[in-house]
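What follows is one structure encoded as structure tokens, with my remarks underneath.
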Amino acid sequence: MAGITSYGAYIPWNRLSRADIAKAWGGFAAQGEKAIANWDEDSLTMAVAAALDCLKGVDRSAVDGLFFATTSSPYREKQAASTIALATDLRREARCVDLDGSLRGASTGITLALDGVKSGSARSVLVTAADSRMGAAQGEFEQLLGDAAAAVLIGNKNVIATVEDTYTVTNEFIDLWRSAEDGYVRSWEDRFILGEGYTATVSAAVKQFMSKHKLTPKAITKFVAYGPDLRTHQGLAKSLGFEPAQTQDTLINAVGNSGAAEALLMLVAALEEAKAGDTILFSGYGDGSDVILFKVTPEIEKARDHRGVKGYINNKKVMPSYQKYLKWRGMIPTESARRPAPIPPSVTAMWREQKKNLSLYGAKCMACGKLQFPPQVLCVYCQDKGMKFEDVRMAEKQAKVFTFTHDYLAASIDPPTTVTVVDFEGGGRGAFECADRDIAEIKIDTPVEMTFRKVSHLLGIHNYYWKTRPVR
Amino acid sequence: METIKNRVAIVGMGCTTFKEHFNKDADDLIVEAAFEAFEDAGIEPKDIQAAWVGTTQGTTGMSLARPLKLQYIPVTRVENMCATGSDTFRNACYAVAAGIYDVVLALGFEKLKDAGISGLGGGGYPNSGVEPRGTPPGSFSRLAPRYFHRYGIDQAKGKELLGRIAVKNHHNGSLNPKAMFQREITLEQAIKAPLVAAPYLGLFDCCGVSDGAAAAVICRADMAKKFRPDPIFVKACALVSGPGEGQIRTDYDYTHFEENTRAAQMAYREAGIKNPLKEITLAEVHDCFTITELVICEDMAWAPRGKMKEFIEGGVFELEGELAVNPDGGLKSYGHPIGASGLRMLYECYKQLQGKAGPRQRKKDGYAVVHNLGGGPGGCNTAVNIVGL
């Protein structure tokens, strides 16, 4: 029977306290904090992190598809899933799809993936969702929205949660929107959109599903449903008869409303706590609703080796100031460094170097056996004229800092630019910028891992590469 | 294989002041340096049979022929990053040693301060744009954590040792009317300066970026005395272009430049130097950053590995020390107009050996060494030129 075979999550290291936002503008502060993508992160890079968490220990040659759900794709025209597939080292034959524009993309992706697995067209499909939506300064959305990503693998071998049934309803409804020109989320009057939109739609869909399967709330271990905000979400769960202990937390207090990622992130959190025999009623919302009933299998105990929500939620740094957030998001003009204008990348060179830059491959010399990064034409150790190398993926190796610098002169959105020279486990050395770092924690021999980041955005081209990040 | 030793002589040199020449362009600087050299050699521009011009930002031999109005002679443009000036000189020497020309000009220049930026700019071919953002201080500063870690020197002591190098080079610069910075600094100022590339490099650990030009008139050794009674003879010209292994191989230690070591040995062999610390009177080395000077002194075999602490504290490389390093103030105080620097270093060696270095004058015997480096730790070009009487 088909269902979820693995899961993963990603929550950015940086958090912004809602009290700090309110302090800047005055007015009401919502509870808690929100997770915020670093200046070199976006929905694509966060999806890569969640996907890699999900794919840990998974045979990637059997992944036949990658669906990416977001409302904040870096491009309006140009697929993001294809970049994610290279960064996560999937086969070129894997079917890549962006499920763009709807907050419900993740649950839609699961239903589509199930169709593929059940029909036999795909052995397994990775469904990943990430969002980094912007609320304009001083508004409710600025406090509410947070950034995160999650991923599940849908397949029919070693299933940890089988899908018992699914139900989908589409509902044309303008509650939240961003037109092509809009940088910030817009919405209609909340009593209307929350009552006639979210609550009415999800409520009807869940009731329809439960009545079809003759389910009572007591038969459900966890109700995992997207919630636009804490109060409305709690109201919906209560009205459907679910006790607070049965209702999966939206993570809005700790992460924020993470848009297209929210329901999937909640599902991952539920799976982390789930035991064999549990039933999970899952619902996505946005332009309609998907309802999916999962039944947890004993296989779940073999799938615990992921960071998931648990691993990331308390791994954090609260931003020292709200101003920095404004700068990271380009919400205020700042004086540029007195340095040369950055040079846009060559798309030709980006294409030629895909395997190195996006998949982070090094090369092992067949003559002397030494691994080196970046790949060379002639071996840097033995200069063998045979020039035969074996490709070696470096992106998921750990490394140690050999030496480093914090460069205050280099132009950066968040100076200083920390550059680490690192030695990979098993060989190979490279110089990489270091992300998500406290200056004091970078020392000789500091353990680091690789993280996929955006290194520039020039001519409208999002250029991605790998950075190091301290292992925490 | 023959050597360059005593086959070529320097009979005239010129060097502009190095500073922010906001009111001069490259042509002004080139003419000034070249005419000082012509006058020093007692020749006219028409006496030059061929020329080499070193610049990282200029283009082609015409960048020299045009301002000097050279009359249809060969001019070759040389570029080898920050080692450009010394490689320009080396190529000119070889053409004379080969017997093709009798009298040639080697000139290096750079006009950096029209760019409106701090530090040096980038450049190069379009690429995929994924290399870590960085600047020269960022690149060279990678040496410092590793050097001090390897030799068990704590951060405060490491900062102090680097500060002492800055204090020395500022002192020497204060005695040099052509230097960009002609003022002394205190050790405390050096250590407490704003950070440029943490944890070790502050403002005073970094050389000055400036405009300037320097030039040498070179001739066959057997003709030298016709030009002047005190020509300076070329003893060695070495250049090593590294294969860049250090940025890739895990056995590179980031506490030395293999290129320096190889170029030094190549040059000492050619000059016949057996005991460099004893036989060399003064050296102009590529102190783009204080940590670079520290490492260079070991690479050049003037101090054993890991012993620079004792040598710095013992004052070995000060103006009055056993081997004066950067008596003219170095890149640190004189400034660093890239293409000109190698010839500026040579200018000090030439003046010192002629006894014309004023308050900075060392004894007039022994060898004078130019060490000029372009690139960074793990991959660079190093030129070592040695001159003497």
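The values are calculated or read from the model by the stated rules, or taken from the named source; none is laboratory data. Model, not experiment: these values are computed from the prediction. Note that each Cβ is placed from the backbone with ideal geometry, even for glycine, and that neighbours are counted across all protein chains shown. Remember, those area values only see protein heavy atoms, side chains included, never the ligands or the DNA or RNA. Shrake-Rupley method; radii C 1.70, N 1.55, O 1.52, S 1.80 Å.
Peptide B:247-258: average number of partner chain Cβ atoms within 10 Å per residue?
Averaged over the peptide's residues, the number is 4.
Could you give the accessible area per residue of region B:75-187, probe 1.4 Å, as a whole number in Å²?
On a per-residue basis, region B:75-187 sits at 39 Å².
Tell me, what % of the accessible area of region A:290-444 is carbon and sulfur with a 1.4 angstrom probe?
54
Sort A:236-243, A:252-259 for me by packing, meaning the mean count of neighbouring Cβ atoms within 10 Å per residue, highest on top.
So the peptides A:236-243, A:252-259, ranked by packing, come out A:252-259, A:236-243.
Sort out for me the Cα centre separation of region B:126-203 from region B:278-298, rounded to whole Å.
Result: 14 Å between the Cα centres.
In peptide A:457-463, how many Cβ atoms from other protein chains are near each Cβ within 10 Å, on average?
1
Kindly tabulate the residues in region B:145-166 with an accessible-area decrease of at least 40 Å² between the chain alone and the assembly of all protein chains, using a probe of 1.4 Å.
Flagged in region B:145-166: B:145, B:146.
How much of the DSSP beta bridge set in the protein assembly as shown is antiparallel, as a percent to the nearest 5?
Bridges in the protein assembly as shown that DSSP calls antiparallel: roughly 75 percent.
Which residues of region B:186-225 end up with at least 20 Å² less accessible area in the presence of all protein chains than when their chain stands alone, using a 1.4 Å probe?
SASA drop of 20 Å² or more in region B:186-225: B:195, B:196, B:198, B:199.
Estimate for me the total accessible surface buried between chains B and A (protein heavy atoms, probe 1.4 Å, no ligands or nucleic acids), in Å² to the nearest 100.
Interface area, both chains combined: 3500 Å², rounded to the nearest 100.
Taking a spot 7 Å from the Cα of residue A:423 along the direction of its beta carbon, which residues of region A:393-415 have an amide N less than 20 Å from it?
Backbone N within reach: A:393-405.
Per DSSP H run of at least 4 residues, take -39500 (n - 2.57); add these up for the protein assembly as shown, divide by its residues and hand me the 222 nm value, nearest 500 deg cm²/dmol.
-8000 deg cm²/dmol
Sort all Cα-Cα distances of chain A into consecutive 10 angstrom bins from zero, then give the percent of pairs in each bin up to the one containing the longest distance.
Cα pair-distance distribution for chain A, in percent: 4, 20, 30, 26, 14, 5, 1, 0.
Calculated FRET efficiency, residue A:305 and residue A:1, Cβ-Cβ r, R0 25 Å, to nearest 0.05?
0.60
Considering only B:98, B:216, B:156, give the residue with the highest GNM mean-square fluctuation for chain B, with springs between Cα atoms whenever their separation is below 10 Å.
Looking only at B:98, B:216, B:156, the largest GNM fluctuation is found for B:156.
Averaged per residue, what accessible area in Å² does chain A show with a 1.4 Å probe, protein chains only?
Ligands and nucleic acids excluded, the result is 41 Å² per residue.
How many percent of the accessible area of region A:117-212 is carbon or sulfur, using a 1.4 Å probe?
The C+S portion of the solvent-accessible surface of region A:117-212 is 49 percent.
Can you give the % of DSSP beta bridges in region A:3-328 that are antiparallel, to the nearest 5?
65
Please compute the length gained on full extension between residue A:200 and residue A:245, using 0.36 nm multiplied by the number of residues separating them and subtracting their Cα-Cα distance.
13.9 nm
Given Cβ point charges of +1 (Lys, Arg) and -1 (Asp, Glu) and nothing else, what value in debye, to the nearest 20, does the dipole of region A:3-328 about its Cα centre take?
640
Starting from the Cα of residue A:400, move 7 Å in the Cα-to-Cβ direction to define the label point; list residues of region A:429-469 whose amide nitrogen is under 11 Å from there.
A:444-448
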